[in-house]
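Below is one structure, written out as structure tokens; the observations come after it.
The values are calculated or read from the model by the stated rules, or taken from the named source; none is laboratory data. It should be emphasised that the depicted structure is a prediction, and the values quoted were computed from it without experimental measurement. Please note: Cβ atoms are built from the backbone with ideal geometry, for glycine as well, and neighbour counts cover all protein chains shown.
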Amino acid sequence: MTMFAAKEKATSLLGQAVDFARWLGLAAAPTFALMAWISAVGPAGMTMCSAASPFMPINDMAVMYLLMSLFHVSPWLKLFSARSQHCNTAIAKTKGD
């Protein structure tokens, strides 16, 4: 195996790891939003922290999961921004198209 082939293999593995990390980053926000919803509408016996006031419409765990979901929404914003920029680019037609 030449040095070029070894470097190419390492680069492709790194690229795969980066792609996986991007997809994993996209999974965080919806997961935390789902956990917030389950925590908010779940039965009262599921709550771990029962020190919350009974007058609060949402419990502490749901608030924490909502905040975590908001903090992890940046990969989605980057994805939507890249797609909107890609869609807004003018396509230059050349002679023969």
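Which members of the range 13-47 meet the condition of being among the polar types (S, T, N, Q) and at pLDDT 80 or above? The answer is 16, 31, 39. Could you grab me the full set of residues in the range 22-38 that are surrounded by 11 or more Cβ atoms within 10 Å (Cβ to Cβ) and over 15 Å from residue 71 (Cα atoms)? Residues satisfying the conditions are 22, 37, 38.
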